[in-house]
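*Asks:* Dropping a structure here in structure tokens format, bear with me for questions.
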């Protein structure tokens, strides 16, 4: 037996770490460490960022060299690796986003929206960033293959259809809606970009309290932020609460069929909650289902953050454009509220417009807190919650619209 | 409100036709931005239209169930 070869095989991981690939691995470990630290120390969306960070560590461990075939693959990836199995079982077929939406639907109380539906339009206005970023990405992405001619992944962007697909998924990040972002990215088979897209979507969801307040402050005056809003609620009967998810599913399913899986699962979860006879299932969806899917979803997303694909100029671009989308979504909501105020006698607090994004319930809480900070007796939580649940609906419809229109245009 | 609803409805109904038309012409013009603008106009119009319908639906439900 060749002693040197034996040592090489036994310590293949150590030798790997000392190679050029090892440096990339170390960088990925640092990124994973940052995500885990954000989760534990800063408490930023820990249920997602911690599994994502750990999945990233697992996916970047030194590869196992098969003695017989000589094929190298990290033990958790490869054909039979458990992260690959989870990816194929839950993300490649869109199962995890759908299950997450059943859980989210069971958690959402639509009664603030049903009692005061006037804020529903903010759920549409705050999708502006999606489309602004989509257009901006269409300008930027085709430049990348010439800027980085040796990069094989970027070479795919010479194809204008691929540019359209990637621009769609990047735009949807702005909705701060992880499952819809995954749904769109997966629909367009963007597996190579899944890592940065999902990390951007989930990180910005967690960073709502950091990103939204400065954008809102930049676009509003103190006087505007202090506007009080009367909360005139209509009586909301049990029948309304039960009929709402059914009718929304039918209407959205007819008008935007591509949004049916997400709208349908969200509304199914909500119907379980509101029907009043399935309390056990409602609690299961809100707790066990949400927790289980979050664990596997997070670690699977982390598993897509492989150094070769993640340490790429596209990642920085996707993270930057995702932030751009998020900022413009917030701005879209605020500016729409200000626009409406030009014609209204009873003014709207423009901060409520910013809650029209999908990050529920964090965005509505942030807005309500900001209002209280400006004026300790100004309560706009119900209005911002109403805009926030509208944003949930708006982002799903926007995702469905983008898929439908882009698929039509590229003919695929 | 009626005018807004009508124009959004027209835009939404025209979106698939525009999209198909765009698919034919844009390939010859290689106009990525044309396609982008079609998606943006159709997408934003579609989102507004669907949410307006939800708004009307809620109002009708309130009236009927009063």
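FYI, it's all coordinate maths here, none of it is from the lab. Since this is a predicted model, take the numbers as computed values, not measurements. We place every Cβ from the backbone using ideal geometry, glycine too, and count neighbours over all the protein chains shown.
*Asks:* Which whole-number percentage describes the relative contact order of the stretch A:45-163, with Cα contacts under 8 Å and a sequence gap of 6 or more?
*Replies:* After rounding, I find 9 percent.
*Asks:* If you don't mind, another one. Among rounded, prolate and oblate, which fits the stretch A:234-305 when a ≥ b ≥ c are the square roots of the eigenvalues of its C-alpha gyration tensor, a/c under 1.5 means rounded, and a/b larger than b/c means prolate?
*Replies:* Oblate shape, in that a/c is at least 1.5 and b/c is the bigger or equal ratio.
*Asks:* From other protein chains only, count the Cβ atoms within 10 Å of every residue's Cβ in A:247-254, then give the mean.
*Replies:* Average neighbour count from other chains, rounded to a whole number: 2.
*Asks:* Please state the Cα pair-distance histogram of the stretch A:184-238 with 5 angstrom bins from zero: what percent is in each bin?
*Replies:* Bin by bin from 0 Å, the calculated values are 4, 13, 12, 11, 11, 12, 13, 12, 9, 3.
*Asks:* Determine the shielding of peptide A:115-123 by partner chains: average, over its residues, the number of Cβ atoms on other chains within 10 angstrom of each Cβ.
*Replies:* 4
*Asks:* Oh, and also: Tell me the Kirkwood hydrodynamic radius of the stretch A:122-249 in angstroms, computed as one over the mean inverse distance between distinct C-alpha pairs.
*Replies:* 17.7 Å
*Asks:* To test your reading of the geometry: what angle, between 0 and 90 degrees and rounded to tens, separates the Cα axis of helix A:290-303 from the longest principal axis of chain A?
*Replies:* 40 degrees
*Asks:* Answer rounded, prolate or oblate for the stretch A:226-359, using the Cα gyration tensor with square roots of eigenvalues a ≥ b ≥ c: rounded when a/c is under 1.5, else prolate when a/b is larger than b/c, else oblate.
*Replies:* Oblate shape, in that a/c is at least 1.5 and b/c is the bigger or equal ratio.
*Asks:* When a/c reaches 1.5 or more, the comparison of a/b and b/c decides; with that in mind, is the protein assembly as shown rounded, prolate or oblate per its Cα gyration tensor?
*Replies:* prolate
*Asks:* When the helices in the protein assembly as shown are scored as -39500 (n - 2.57) per DSSP H run of 4 or longer and the sum is shared across all residues, what 222 nm value do you end up with, to the nearest 500 deg cm²/dmol?
*Replies:* Only helices count here, giving -22500 deg cm²/dmol.
*Asks:* Okay, next question. Mind checking B:58-65 for the average number of partner chain beta-carbons within 10 Å of each residue's beta-carbon?
*Replies:* That average works out to 6.
*Asks:* Please report, in Å, the Rg and the Dmax of the stretch A:33-163, where both are computed over Cα atoms only.
*Replies:* Both quantities, over Cα of the stretch A:33-163: 21.0, 67 Å.
*Asks:* Moving to a separate point now. Rounding to the nearest 10 and keeping the result within 0 to 90°, find how far the Cα-based axis of helix A:20-40 lies from the longest principal axis of chain A.
*Replies:* The helix A:20-40 is inclined about 30 degrees to chain A.
*Asks:* With angles folded into 0 to 90 degrees, how steeply does helix A:208-219 sit against the dominant principal axis of chain A? Use alpha carbons for both and round to 10.
*Replies:* 50 degrees
*Asks:* Moving to a separate point now. In what order do A:56, A:236 fall by count of nearby beta-carbon atoms within 10 Å, going from fewest to most?
*Replies:* In increasing order of surrounding Cβ atoms, one gets A:236, A:56.
*Asks:* Here is a further query. Using 1/(1 + (r/R0)^6) with R0 = 35 angstrom and r between the beta carbons of residue A:40 and residue A:89, what's the FRET efficiency to the nearest 0.05?
*Replies:* E between residue A:40 and residue A:89, to the nearest 0.05, is 0.80.
*Asks:* Quick one: A:3, A:122, A:11, fewest Cβ neighbours within 10 Å first, how do they rank?
*Replies:* A:3, A:11, A:122
*Asks:* Taking the simple approach of a point 7 Å from Cα along Cα-to-Cβ for both residue A:148 and residue A:12, what is their distance in nm?
*Replies:* In this crude spin-label approximation the distance works out to 2.8 nm.
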